[in-house]
Amino acid sequence: MEARLERVLIVGTGLLGASAGLALRAAGFSGRIDGWDKDAGQLQSALERGAVHKAASGTEDALRSACASDLILLSGPVYAILDWMQMLAPLLQPHQLVTDVGSTKAQITASAERLFTGSDRAGFLPGHPMAGKEISGAEAAEATLFRDAAWIFTPAGAFSQSTAAHSIADLWREWVARIGAVPMEMNAVEHDALLAWTSHLPQFVATALAAELQMRLGDDASRTRIGGRALREMTRLGASPFSMWRDIASTNADAIAAALLALEQRLAHLRENLRTPELREEFERANRFHP
């Protein structure tokens with residue numbers, strides 16, 4: 001029987017989860033999308049905005065919906081995703097697929113290989129869309145959030161032997177492309193090491209800078225306004241929610257610590273060469289980097 005993707009459950013209807021629902025509908029997905037969130041306000045907002053068709057009334061209702069779905073998208077902090085993986089693994093069937101949008105992949109991929117590998121288990125496809133905002137919540141969701149963004153998959157061996165699960169995974173990759181993202185594959189450890197530099201380090205730099213400026217300048221708008229655009233751009237990420245970054249820091253601590261140490265050394269080099277030709281070389285090196 002040909003695999004079909006007709007019913008989706010989104011677990012976690014904040015920024016990414018609600019955006020995924022909106023993006024699917026905007027791209028022509030005609031199936032049913034259910035949703036659940038521990039925050040009733042977020043879930044209601046996702047429902048009102050049309051990101052989901054039906055809101056699960058609680059965890060048990062969400063689990064029942066999962067058992068009736070072709071694909072379950074886990075959207076939330078990493079440890080919440082890991083908890084849901086534990087709950088779902090013994091309940092689902094081999095023709096179903098679970099995927100996620102977690103920001104670190106090593107622990108999720110390892111857990112998937114332990115919980116979902118086997119001919120009697122659902123498939124699991126670890127994923128991470130490189131999209132987001134410094135603000136969270138369904139109210140900030142957009143159907144275009146994933147447009148031109150890389151959507152990284154770290155499958156490794158985290159699959160059941162079910163042909164149907166593999167087929168659903170192929171269909172999900174197709175939908176990821178239809179909503180405007182660019183599907184990519186990468187080893188989970190490589191993903192976390194790279195993201196420590198390209199995503200996690202910028203966040204912690206912005207957090208440190210914003211925290212230091214808050215201590216020094218406080219809420220005096222007459223002083224903070226003087227910084228202009230440079231200050232706003234450098235500290236924008238400082239508004240990111242701790243609830244998400246707590247799990248990222250914990251599950252990728254070694255790689256982030258190494259990146260922070262390297263930056264500390266670079267800053268020390270700058271401090272020591274404010275009056276030497278080395279400073280120009282640093283600017284020239286920085287000018288060659290174009291993300």
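Coordinate-derived values only; no laboratory data. Keep in mind that what you see is a predicted model, and the values were worked out from it rather than measured. In this analysis, Cβ positions are derived from the backbone assuming ideal geometry, glycine residues included, and neighbour counts consider all displayed protein chains.
For the stretch 244-291, the equivalent ellipsoid built from the Cα gyration tensor has semi-axes of 29, 14, 7 Å, listed from largest to smallest. Backbone phi angles across the stretch 218-233, fed through the Karplus curve with coefficients 6.51, -1.76 and 1.60 (θ = phi - 60°), yield HN-Hα couplings of x, 9, 6, 4, 5, 9, 5, 5, 5, x, x, 4, 4, 5, 4, 5 Hz in residue order; Gly and Pro are listed as x. Where a Cα-Cα gap under 25 Å defines reach, which lysines qualify for residue 54, not counting those fewer than 8 residues away within the same chain? Correct list for residue 54: 38. Compared with the alpha-carbon gap, the fully stretched path from residue 174 to residue 60 is longer by 38.0 nm at 0.36 nm per residue. Modelled spin labels at residue 267 and residue 209, positioned 7 Å past Cα toward Cβ, are 1.1 nm from each other.
Antiparallel beta bridges, as assigned by DSSP with both residues in the stretch 7-186, represent about 10 percent of the total such bridges. Remark: 54, 105 ranked as 54, 105, counting other beta-carbon atoms within 10 Å and listing the fewest first.
Starting from the Cα-Cα distance between residue 254 and residue 274, subtract it from 0.36 nm times their residue separation and give me the gain in nm to one decimal. Taking residue 254 through residue 274 to full extension adds about 4.1 nm, to one decimal. Largest first, the extents of the alpha carbon coordinates of the chain on the three principal axes equal 71, 39, 29 Å.
Counting only Cβ charges, +1 for Lys and Arg and -1 for Asp and Glu, the dipole size of the chain around its Cα centre is about 600 debye.
Here the contact order of the stretch 30-181, divided by its residue count and restricted to Cα pairs under 8 Å and six or more residues apart, works out to 21 percent.
Residue by residue, the stretch 169-178 carries 3J(HN,Hα) couplings of 4, 5, 5, 5, 4, 5, 5, 4, 5, 5 Hz when phi is fed to the Karplus relation 6.51 cos²θ - 1.76 cosθ + 1.60 (θ = phi - 60°); x denotes Gly or Pro. For residue 185 and residue 231, the difference between the fully extended length at 0.36 nm per residue and the C-alpha to C-alpha distance is 13.0 nm.
Residues 103, 57, 111, 19 in ascending order of nearby Cβ atoms (within 10 Å, fewest first): 57, 111, 103, 19.
By the count of neighbouring beta-carbon atoms within 10 Å, fewest first, 10, 81 end up ordered 81, 10.
Look at the dipole of the stretch 7-186 built from charges on Cβ: of 58, 117, 84, the Cα furthest out on the positive end belongs to 117. With respect to the chain, whose longest principal axis is taken over its alpha-carbon atoms, helix 78-88 is tilted by about 10°. Our summary gives the chain a relative contact order of 17 percent, counting only alpha carbon pairs under 8 angstrom and 6 or more residues apart.
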